[in-house]
Amino acid sequence: MPSDLKEKPQTFPFPSDFPEVRSEYLDTNGQKFFLLESGPKDGKPLLLLHGFPEFSYAWKNQIGYFAKLGYLVIAPDQRGYARSSKPKSISDYGLDILSEDIISILDAYEISKTDIIAHDWGGAVTYWALSKFPERFRKACILNVPHPTIMKRKILSDKVQRKKSMYILFFRIPWLPEFLLSRLNFRKLERSLTKTSMKGAFSEEEISIYKEAWAMPGCVKSMLHWYRAAVKNPPKLIRTRKIKVPTRIFWGEKDRFLAKEMAEETLELFSDASVHFFSKGTHWIHHEIPEILNPELLSFLSEE
């Protein structure tokens, strides 16, 4: 077992009116994944995938909400993050492998088909999985991230988006990004959340929990390897035919990292997809406006 993983329950400060939130470790696809799980074991499956630089606790506003409605909610730390395994090679973080992680988690739970909600890099993994394994998904909700091939196209063709995405090129540099993101008690990572979101979206308590995750051996390097793998092997459209899994993109219009036009351009890759914009939200709508977002997510997932 990797030295940065410990076989003991992990508790987080969820509200007292939440259903039980269980912490689990799962060995699958050659990795060990930490997961938060809530709701009835025989409930409707719902997978939640976090983005950078978050981890499973990012879904604190959604886990209890959906568990109360009868969903079996599963929120893993994706590979390289927090309490999950952290393979050392950049090649271990390509989208093909990351999407296989998700399918292997479903297999371990013996879930044949699931709904999924994903944000940022979790959304990129979801787009890939929808293309490769469409039969495993009933519906998908993607928060503030375009399809990887649309992102690649936009960076190459649009100088405004290229400027917004310069951090991606910086992240490909060896060791220096790790040093700068980790120094001064992870100040830059903290500000990547607090300075780009609505005021109060991230509490001091929550930031301290994130810092504990970032401080785990190898975590910052592994998180950056997601970007390095994408730059080393830029994504190519997997299939020429459109993705058929019913999908809705939810997008905070004040996102400082990603142009909202990419949400609309992503729709061209789907046969059944739509986009819902929120004028208030930023890149972090699942933190900022859960009282608005959660009912919208449920409404889409409940549609026949």
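The values are calculated or read from the model by the stated rules, or taken from the named source; none is laboratory data. Since we're looking at a predicted model, the values are computed, not measured. All Cβ positions, glycine included, derive from the backbone under ideal geometry; neighbour counts span all protein chains shown. With ligands, DNA and RNA removed, areas are computed over all heavy atoms of the protein, side chains included. Shrake-Rupley method; radii C 1.70, N 1.55, O 1.52, S 1.80 Å.
Odds and ends about this structure:
- Checked across region 16-25, the condition of being aliphatic (A, V, I, L, M), outside any loop (DSSP other than H, G, I, E, B) and open to solvent by 20 Å² or more (accessible area, probe 1.4 Å) holds for at least one residue.
- Taking the criterion of being surrounded by fewer than 19 Cβ atoms within 10 Å (Cβ to Cβ) and part of a helix (DSSP H, G or I), the residues of region 156-169 that qualify are Leu156, Ser157, Lys159, Val160, Arg162, Lys163, Lys164, Met166, Tyr167, Ile168, Leu169.
- Within region 179-196, the residues that satisfy the criterion of being open to solvent by 20 Å² or more (accessible area, probe 1.4 Å) and either within 20 Å of the chain's Cα centre (by Cα) or within 14 Å of Lys221 (Cα to Cα) (or both) are Phe179, Leu180, Ser182, Arg183, Phe186, Lys188, Glu190, Arg191, Ser192, Thr194, Lys195.
- Scanning region 39-52 for residues that are crowded, with 24+ Cβ neighbours inside 10 Å and out of contact with any Gly (no Cβ under 6 Å at 6 or more places or on another chain) returns Gly39, Leu46, Leu47, Leu48.
- Taking the criterion of being farther than 16 Å from Gln78 by Cα, open to solvent by 30 Å² or more (accessible area, probe 1.4 Å) and not basic (Lys, Arg), the residues of region 110-136 that qualify are Glu110, Ser112, Phe133, Pro134, Glu135.
- Conditions (1) in contact with a Pro (Cβ under 7 Å, 6 or more places away or on another chain); (2) at pLDDT below 90; (3) surrounded by 14 or more Cβ atoms within 10 Å (Cβ to Cβ): number failed by Lys139: (2)
- Of the residues making up region 262-276, those that are surrounded by 14 or more Cβ atoms within 10 Å (Cβ to Cβ) and within 26 Å of Lys159 (Cβ to Cβ) are Met262, Ala263, Glu264, Glu265, Thr266, Leu267, Leu269, Val275.
- When residues in region 236-260 are screened for being within 27 Å of Tyr167 (Cα to Cα) and out of contact with any Lys or Arg (no Cβ under 8 Å at 6 or more places or on another chain), 6 of them pass.
- Selected residue (criterion: most open to solvent (accessible area, probe 1.4 Å)) from residues of region 232-257 that are part of a loop (DSSP other than H, G, I, E, B) and of a type in the set (S, T, N, Q): Thr240
- Filtering region 213-268 to residues that are of a type in the set (Phe, Trp, Tyr) and either touching a strand residue (DSSP E or B) at 6+ places or on another chain (Cβ under 7 Å) or more than 30 Å from Thr11 (Cβ to Cβ) (or both) leaves Tyr227, Phe250, Trp251, Phe257.
- Scanning region 208-227 for residues that are in contact with a helix residue (DSSP H, G or I) (Cβ under 9 Å, 6 or more places away or on another chain) and charged (D, E, K, R) returns Lys211, Lys221.
- The number of residues in region 3-14 being modelled with pLDDT under 85 and either farther than 30 Å from Lys88 by Cβ or open to solvent by 100 Å² or more (accessible area, probe 1.4 Å) (or both) comes to 6.
- Residue in region 224-234 that is over 29 Å from Lys86 (Cα atoms) and of a type in the set (Val, Ile, Thr) present: no
- Any chance Met216 is out of contact with any Asp or Glu (no Cβ under 7 Å at 6 or more places or on another chain) and closer than 30 Å to Pro87 by Cα: no
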